[in-house]
Amino acid sequence: MVLDHFAADRLERLALTAEAYVAQVFGMNLRLHDLAGEGLPYFLTDRYHFWRGDLQGRPAVFMVNRAGPLDTFDIAKHRELARRHLGVALVVLVLERVDARVRRRLIEHRIAFLAPGAQIYVPEALLDLREGAPAKIAPQPDYLSPTAQSVVLGAMLGRFVDQQSLTDLAERFQVSVMSMSRALDELVAIGVAEALWAGRRRRLRFAVNGRDLWNTIEPRLKSPVRKLRLVRGQIPLDQAPLAGETALAHYTMLSPPRVERRAVLASRWTGMTQALELEPAWTDEADRIELETWSYDPLVLAEDGVVDRLSLYLSIRREPDERVAQAAAQMLEDMAW
């Protein structure tokens, strides 16, 4: 048994202080109640005191370390164990003493905490409030970021996204680990995924999958197409896969269009133009190619030189041509979720 540095009255004062701080400064009611620790491993209840509470209308668990200093890695591991055993998405560390260095390390490791008198930081709820700063809660985004969208599409396409570490996902989707971490926070905030810790690595796990995930997330998805350009030249499929009606004709019985359409990541457009010596084309030139520039890399989810079905659907779902709209709807209906 570890040495308990917290007497019962001290724990009660800390809970009252935390509730009062959050209510007075940020206008939120935590509603903290002692948690007996049922279902938790003994070493956790021996080392931490737990409260059940409420955070922005979502159930949350608050935990305070009562056994002396711990390193950030241990805290992250213990917090994840509590999350799994208690079945809650939000587990928040309560800090009795305000130490800027400790808070900085917790933020670097994206560990939720409440420091009465200073700050409440819960990345899973897009919450980072500090006393003295405007008390604004980051709203859930109307649309997902390009990185979050490509990841969620990859999950629905069965591209082995679930249970992968952020480092592996960042490498696969060709983005920074920081961008992937923010994408995970977005997916957690809207309730379709959760963040897990495996050793020192943060992993993604989806709470819903397949068609259910699509029905939940579709209103937050948008067309990846930023701009349409007309060019002349030769473009290999491994640099710009088929897109638009050309790709739709590949997946359905729709006749292919006269002008081929391709897709490329927007940030690669200039470099590809120079490397392949592409030239601008006019709308009446028969040998022109229509080239879409995308907000995320179409190559990541493409198969056999064709953009993926879901990104394709999002790029043409507002198409006024009834032929195209019907073919797109049929393509989605025929998907094996």
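Coordinate-derived values only; no laboratory data. From a predicted model like this one, the values you see are computed outputs, not experimental measurements. So basically every Cβ, Gly included, is an ideal-geometry build from the backbone, and we count neighbours across all protein chains shown.
A few notes on this one:
- Kirkwood-Stokes translational diffusion coefficient of segment 223-332, alpha-carbon pairs, 37 °C, 0.692 mPa s, µm²/s: 236
- Highest-MSF residue in the chain out of G53, G117, G27 [GNM, Cα springs under 10 Å]: G27
- Size of segment 8-130: Rg and Dmax of its alpha carbons, in Å, are 13.1, 35.
- Highest-fluctuation residue, E279, E186, E245 considered, GNM on the chain with Cα pairs under 10 Å: E279
- Cleavage-rule hits, trypsin sites (Lys or Arg not before Pro), segment 3-88, DSSP coil, Cβ neighbours within 10 Å at most 16: R31
- The smallest convex shape that holds all Cα atoms of the chain, its convex hull, gives 158 Å³ per residue.
- Cα point-scatterer Debye curve for segment 166-212, base-10 log of I(q)/I(0) at q = 0.14 Å⁻¹: -0.33
- P(r) weight above 13 Å for segment 197-261, C-alpha pairs, percent: 78
- For segment 200-236, the set of trypsin sites (Lys or Arg not before Pro) satisfying both a DSSP loop assignment and a count of at most 13 other C-beta atoms within 10 Å is given as R200.
- Relative contact order (percent, whole number), the chain, Cα cutoff 8 Å, 6+ residue spacing: 12
- Between R201 and E303, full extension at 0.36 nm per residue minus the direct alpha carbon distance yields a gain of 33.8 nm.
- Antiparallel %, DSSP beta bridges [both residues in the chain], to 5: 75
- Residue exposure proxy: D308, D54, ordered by other Cβ atoms within 10 angstrom of their Cβ from fewest to most, comes out as D54, D308.
- Loop-located chymotrypsin sites (Phe, Trp or Tyr not before Pro) in segment 263-295 (DSSP state other than H, G, I, E, B) with a sparse environment of at most 15 neighbouring Cβ atoms within 10 Å: W282.
- Between E80, E292, E38, the residue with the greatest mean-square fluctuation in the GNM of the chain (Cα pairs under 10 Å linked by springs) is E38.
- Cα shape, segment 277-331, gyration tensor, a/c 1.5 rule: oblate
- Taking the square roots of 5 times each eigenvalue of the Cα gyration tensor of segment 63-117, largest first, gives ellipsoid semi-axes of 18, 11, 11 Å.
- With only Cα atoms counted, segment 39-78 has Rg and Dmax values of 11.4, 32 Å.
- For T167, T273, the sequence from fewest to most other C-beta atoms within 10 Å is T167, T273.
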